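Report on the following structure.
Each value in this text was obtained by applying a stated rule to the coordinates, not by laboratory testing. This structure is a prediction, so every number in the text was calculated from the model and none was measured. Cβ placement follows ideal geometry from the backbone for every residue including glycine, while neighbour counts extend to all protein chains displayed.
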Amino acid sequence: MKKKFLRTDTRRFLRLGKKKKSLRKWRRAKGVHSKIRRKRKGYPAKPSIGYKTDKRTFGRINGLIPILISNPKQLEKATKENILIIAKVGAKKKIEIIKRANELGLKIANLGGKNESS
């Protein structure tokens, strides 16, 4: 699992994400006496070289290689090792892509909303 790096004082202030996880973004600790910058024990971790994602798994979604699909013809290039990401297309074409992907047994990453039951 990926390490979530926390900004200084995220646990302290609401505007920095005390109760709202979407506000928790990494910002470099620049203070002279900053415990995070000094990498003190018991304080949130600071991003450094050892945390890089492995090359073999980088950019994958659930272990599958993503492919952007904008029309049904592009489904022929996809294999079982791929996960589909449907581009910004209209409803008619989107339903067509979903039906064809289900026939081929391919997984779709951004399937949601009204078309989820199709």
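Inside the stretch 94-108, residues that are part of a helix (DSSP H, G or I) and surrounded by 15 or more Cβ atoms within 10 Å (Cβ to Cβ) make up a count of 6.
Among the residues of the stretch 19-26, none qualifies, meaning not one is polar (S, T, N, Q) and surrounded by 11 or more Cβ atoms within 10 Å (Cβ to Cβ). Pairing residues of the stretch 62-83 that are surrounded by 10 or more Cβ atoms within 10 Å (Cβ to Cβ) with residues that are assigned to a loop (DSSP other than H, G, I, E, B) and among the charged types (D, E, K, R), at Cβ distances under 9 Å and at least 6 apart in sequence or on separate chains, gives 64/80; 64/81; 65/81; 66/60; 70/88; 83/60.
In this entry, residue 53 is excluded by the filter for residues that are polar (S, T, N, Q) and farther than 30 Å from residue 86 by Cβ.
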